[in-house]
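Student: First the structure, then my questions, so here it is.
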Amino acid sequence: MLIFRRYPLWIGLLLLWILLILLGITFGICGLIALFWGVSARISIGKNMVRNGAMKIEENVKSLFDLKDWTEGNSFNLVIANSLSAFNGVEGGLWDNEQGFIAYSYPTYEGSLKLDVPAAEKNRIVTLALESLKKGNLY
């Protein structure tokens, strides 16, 4: 029994390879789109966490000053730690143009409560704080 083909075998295989390449490109583009959407969503969530953490710090510091028995012995570090403890991975502090860091805390740090400014990141944090003050971006 003879089977007659309309096209040679190499043309069918070539078309199959072209189809596979097009499918690969399509899935690759879809994967990149999904990746970028996921990354932008994470960035947005991170920005909201930082903004909410800053507002919580502001609220807690204001309430600390409203206390009638407030003394210098009260630690801003603990106020910041309390404010940021609900925001996993967020660290923050209080900055003054003249004094520099007033307080710093990283309450969700793996291990014990971290209250010291990281030396490796200190210059970057100072630069960002000064830029924020210059632009008026307090959060």
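Coordinate-derived values only; no laboratory data. Keep in mind it's a predicted model, so treat the numbers as computed, not measured. Glycine also receives a Cβ, built like all others from the backbone with ideal geometry; neighbour counts cover every protein chain displayed.
Student: Order by neighbour count: 6, 51, fewest other Cβ atoms within 10 Å first, most last.
Tutor: With the fewest neighbours first, 6, 51 line up as 6, 51.
Student: Given the -39500 (n - 2.57) contribution per DSSP H run of 4+ residues, what per-residue ellipticity at 222 nm results for the chain, rounded to the nearest 500 deg cm²/dmol?
Tutor: The helix contribution divided over the chain gives -21000 deg cm²/dmol.
Student: For residue 114, what residues show an amide H to amide H distance below 5 Å, using hydrogens built from the backbone and excluding near sequence neighbours?
Tutor: 106, 109
Student: Calculate, in nm to one decimal, what residue 49 and residue 11 gain on full extension: separation in residues at 0.36 nm each, minus their alpha carbon distance.
Tutor: Additional length available on full extension: 8.0 nm.
Student: Now for a separate question. According to a simple spin-label model (label point 7 Å from Cα along Cα-to-Cβ), what is the distance in nm between residue 39 and residue 108?
Tutor: That separation, rounded to one decimal, is 2.2 nm.
Student: Give me, ordered by chain and number, the residues 5 or more places off residue 94 or on other chains with an amide H under 5 Å from its own placed amide H.
Tutor: Amide H neighbours of residue 94, under 5 Å, 5+ apart: 102, 103, 104.
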